[in-house]
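Enquirer: Sharing a structure with you now.
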Amino acid sequence: MASRVDIEEGGNGRKPRGAEANSSAFDYGHVSVGESEWTSWVVPMFVVANVAMFIVAMYVNNCPANPNPYGSCVAKFLRRLSFQPLRQNPLLGPSSSTLEKLGALEWNRVVHEHQGWRLLTCIWLHAGVIHLLANMLSLVFIGIRLEQQFGFVRIAAIYLISGLGGSVLSSLFIRNSISVGASGALFGLLGAMLSELITNWTIYTNKFAALMTLLFIIAINLALGILPHVDNFAHIGGFLTGFLLDLFYWYDHGLAGMRAACFLMKESQDQSTWLISGYWRQ
């Protein structure tokens, strides 16, 4: 979930790869003969970074040090890391002013104050524990398997660029509140999964099951967008970005394969011509 926060008003380590055609984001009935996988380490690093940023946000927030008209802090035993009152932030997290200070996406600051860096920093912030858990569980569930299939460079690029794409679309439509969360990046991974399914359609023995599984995951996450403080524009922007990135990847590899095939055919033709001409000279 990408959280649209308005709470003041009450998501060379590898093993040798097998044939590329056998690599896919799903295991639902596709052929996997001879397939080997990458070792996943980028996705766990992203999870650690998101959790660390949330702890930093709570430390900066320091609820007990700031008198609050909404009531007392939640989980006071955490002291400086205790949460804002539930009336102010029902997601168990910091105040919106803290998130804005740390780099939350805010249209006015991006457009009028030229703080474009917020388009990236916002994907590392979360509105609360509930928000963080939902995104990180989704990232682990989706991302680790994808990294094993795609490799760390490709998965990192899709994650970061999709997060940026989700932030851009969100900033175009949401101007009255701040937005934080990694779900634009997460939806980018889902978009890449759909592109992977389409471009490798012929390797699946149970195409309908694979497609329905993916669409179900997408529908559930989009349904969460109707909840308060959740930003569906980041979902859509991230999804489209991830889909197009992966589609371009396969298109580019397809062109490279065609060029290689043409080169080999030309070399073979040249060799054949040389042998034939040599034979007739004898």
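Enquirer: Can you pull out the residues in region 162-199 that are of a type in the set (Phe, Trp, Tyr) and in contact with a His (Cβ under 9 Å, 6 or more places away or on another chain)? Don't jump to the end; show me each part of the working.
Expert: At the first step, the residues of region 162-199 found to be of a type in the set (Phe, Trp, Tyr) are 173, 187.
Within region 162-199, just 187 meets the criteria.
Enquirer: A follow-up question, please. If I ask for residues that are at pLDDT below 90 and not hydrophobic (A, V, I, L, M, F, W, C), which ones from region 80-94 would you list?
Expert: Hits for region 80-94 are 87, 88, 89, 90.
Enquirer: Does residue 98 qualify as being open to solvent by less than 70 Å² (accessible area, probe 1.4 Å) and at pLDDT below 90? Outline the logic, then answer.
Expert: Details: open to solvent by less than 70 Å² (accessible area, probe 1.4 Å): yes; at pLDDT below 90: no.
Criteria not met by residue 98.
Enquirer: Right, next: Which residue, of 202, 213, is out of contact with any Leu (no Cβ under 7 Å at 6 or more places or on another chain) and either in a loop (DSSP other than H, G, I, E, B) or modelled with pLDDT of 70 or more (or both)?
Expert: Working: 202 fails: either in a loop (DSSP other than H, G, I, E, B) or modelled with pLDDT of 70 or more (or both).
Just a single option satisfies the conditions, and that option is 213.
Enquirer: Shifting gears a bit: Filter region 149-194 for residues that are hydroxyl-bearing (Ser, Thr, Tyr) and more than 17 Å from residue 241 (Cα to Cα); which is farthest from the chain's Cα centre (by Cα)?
Expert: Of all residues in region 149-194, those hydroxyl-bearing (Ser, Thr, Tyr) come to 159, 162, 167, 170-171, 177, 179, 183.
With more than 17 Å from residue 241 (Cα to Cα) added as a condition, the list becomes 177, 179.
Numbers: 177: 22, 179: 16 Å.
Of everything passing the filter in region 149-194, 177 is farthest from the chain's Cα centre (by Cα).
Enquirer: With the structure loaded, tell me whether residue 146 is open to solvent by less than 10 Å² (accessible area, probe 1.4 Å), over 8 Å from the mean Cα position of the chain (by Cα) and modelled with pLDDT under 90 or whether it fails that test. Steps first, answer last, please.
Expert: Values: open to solvent by less than 10 Å² (accessible area, probe 1.4 Å): yes; over 8 Å from the mean Cα position of the chain (by Cα): yes; modelled with pLDDT under 90: yes.
Yes.
Enquirer: Identify all residues within region 54-80 that are open to solvent by less than 60 Å² (accessible area, probe 1.4 Å) and either touching a Phe, Trp or Tyr at 6+ places or on another chain (Cβ under 7 Å) or part of a helix (DSSP H, G or I) (or both); write none if there are none.
Expert: Residues satisfying the conditions are 54, 57, 58, 60, 61, 63, 73, 74, 75.
Enquirer: Kindly list, by first and then second residue, each pair from a residue in region 159-182 that is under 19 Å from residue 51 (Cα atoms) to a residue that is crowded, with 19+ Cβ neighbours inside 10 Å and among the charged types (D, E, K, R), limited to pairs with Cβ atoms under 8 Å and residues at least 6 apart or on different chains.
Expert: 179/4; 179/106; 179/231; 181/231
Enquirer: Here are some conditions: (1) open to solvent by 10 Å² or more (accessible area, probe 1.4 Å); (2) out of contact with any Ser or Thr (no Cβ under 8 Å at 6 or more places or on another chain); (3) modelled with pLDDT of 90 or more. Residue 164 meets all but one. Which one does it not meet?
Expert: Residue 164 satisfies all of (1) open to solvent by 10 Å² or more (accessible area, probe 1.4 Å); (2) out of contact with any Ser or Thr (no Cβ under 8 Å at 6 or more places or on another chain); (3) modelled with pLDDT of 90 or more except (2).
Enquirer: Now for a separate question. Is it the case that residue 109 is modelled with pLDDT of 90 or more and open to solvent by 20 Å² or more (accessible area, probe 1.4 Å)? Explain how you work it out, then say what you get.
Expert: Numbers: modelled with pLDDT of 90 or more: yes; open to solvent by 20 Å² or more (accessible area, probe 1.4 Å): yes.
Against the criterion (modelled with pLDDT of 90 or more and open to solvent by 20 Å² or more (accessible area, probe 1.4 Å)), residue 109 qualifies.
Enquirer: With respect to the numbered conditions (1) more than 22 Å from residue 104 (Cβ to Cβ); (2) in contact with a Ser or Thr (Cβ under 7 Å, 6 or more places away or on another chain); (3) surrounded by 20 or more Cβ atoms within 10 Å (Cβ to Cβ); (4) at pLDDT 85 or above, which one is the sole condition not fulfilled by residue 196?
Expert: That leaves (4) as the condition not met.
The values are calculated or read from the model by the stated rules, or taken from the named source; none is laboratory data. Everything quoted here is computed from the prediction, not taken from an experiment. Glycine also receives a Cβ, built like all others from the backbone with ideal geometry; neighbour counts cover every protein chain displayed. Note: accessible area is taken over every heavy atom of the protein model, side chains too, but ligands, DNA and RNA are not part of it. Shrake-Rupley method; radii C 1.70, N 1.55, O 1.52, S 1.80 Å.
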